[in-house]
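Taken together, the values in this text are just the output of simple stated rules run on the coordinates, not laboratory data. All figures in this text were calculated on a predicted structure; none of them were measured in a lab. Every residue, glycine among them, receives a Cβ derived from its backbone with ideal geometry; neighbour counts consider all protein chains shown.
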Amino acid sequence: QITAQDLAPALDARTRLVALASAHFVTGWRLDVDAIGTFLHDRGILFCLDAIQTLGALRTSFRHVDFAAADAHKWLLGPLGTAILFVRREHFDRLRPALVGWSSAACPGFIAQAELKFWPDARRYEPGSLNLVGIAGLDAALRLLAETGITGIEQRVVALAARVRDGVVNRGYRLLGPATAPTSIVSFTKPDTDLTVTQARLLKDGIHVSLRQRRDGAKCLRVAPHFYNTEAEIDRLLAGL
């Protein structure tokens, strides 16, 4: 878990931007985005948020965020090859596009101009032909999430994750993340247990969990239920453990 107090010793007069993830991809620890954003802005430091681990499952504030990005194929339920980029408008001139193409800059009649002028809106970050098939899939996914409602989705996801958390603890597994804090990701391990075998057994039964490895080389299983999962599916997973 990272707090503003954790960041303070790493900052100095040269620090221009801090980039952090909205939640840890293994432990599930969530970032207090507003608190850290305020802390950084009070010191004149920009804040970039990697929101892939929460956007689409948990409410994610951009109130004190300068830049944010999230691939769409995880909680957003979108296709591979699509993503979302957020750039606060007042930073358009500071974040110069890395790529230049026919759709990101003004070029009437597709004729190169003497002066490069990017569009004054989000088109400046879209340099070429768009992934139209992927965007159509992302549009459908976003409509589904919007119709369901992020507040209800978060409540559902947090409740299912808590069910997983309680169940694995009761079966002798050790949590790698928060024991009570609301989160969407639950990772756990068990000494003297070959989790590779456990994952393979679950997969054979049609139950998909991720096998992850920590910095020290130890393996863990990660479960990340979304709003469409059911209590019965969670109980089936727990029985398989």
request  = In nm, give the distance between the simple-model label positions of ARG94 and ARG143, each being 7 Å from the Cα along the Cα-to-Cβ direction.
outcome  = 3.7 nm
inquiry  = Which lysines, if any, have their Cα less than 27 Å from the Cα of LYS204, not counting same-chain residues under 8 positions apart?
reply    = LYS74, LYS190, LYS219
inquiry  = Just to check I understand the Karplus step: with θ = phi - 60° and J = 6.51 cos²θ - 1.76 cosθ + 1.60, what whole-Hz values come out for region 103-116, glycine and proline as x?
reply    = 9, 9, 10, 5, 8, x, x, 6, 9, 4, 9, 5, 10, 7
Extension gain from CYS107 to ALA162, taking 0.36 nm per residue of separation minus the Cα-Cα distance = 14.4 nm
key: Taking N as its residue count, the alpha carbon Rg of region 117-169 over 2.2 N^0.38 Å   = 1.86
task = Report, largest value first, the span of the C-alpha coordinates of region 64-126 along each principal axis, in whole Å.
result = 43, 28, 15
query = Label 7 Å along Cα→Cβ of ASP32; region 149-192 residues with amide nitrogen under 17 Å?
reply = 178-183
request  = Inverting the mean 1/r over all pairs of different Cα atoms, compute the Kirkwood radius of region 42-88 and quote it in Å.
outcome  = 11.2 Å
note = Expressed in nanometres to one decimal, the distance between label points 7 Å along Cα→Cβ at ALA239 and ILE207 is 0.9 nm
inquiry  = Per 0.36 nm of contour for each residue apart, how much would the distance between LEU116 and ALA13 grow if the chain were fully extended, relative to their Cα-Cα spacing?
reply    = 33.8 nm
inquiry  = With just the Cα atoms defining each centre, how far is region 148-190 from region 11-36? Give it in Å.
reply    = 21 Å
task = Determine the equivalent ellipsoid of region 1-79 by diagonalising the alpha-carbon gyration tensor, then write out the semi-axes as square roots of 5 times the eigenvalues, largest first, rounded to whole Å.
result = 23, 13, 10
key: Ellipsoid semi-axes in whole angstrom, largest first, where each is sqrt(5λ) of the Cα gyration tensor of region 82-201   = 46, 17, 15
request  = Let me see the pair-distance distribution of region 150-240: every alpha carbon pair, 10 Å bin width, integer percents in order.
outcome  = 17, 52, 28, 4
ask   = Which order results if VAL209, VAL100 are arranged by neighbouring Cβ count within 10 Å, fewest first?
value = VAL100, VAL209
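Using the per-residue mean of other Cβ atoms lying within 10 Å as a proxy for protection, in what order, highest first, do the peptides 103-115, 60-72, 225-237 fall?
Order by mean packing, descending: 60-72, 225-237, 103-115.
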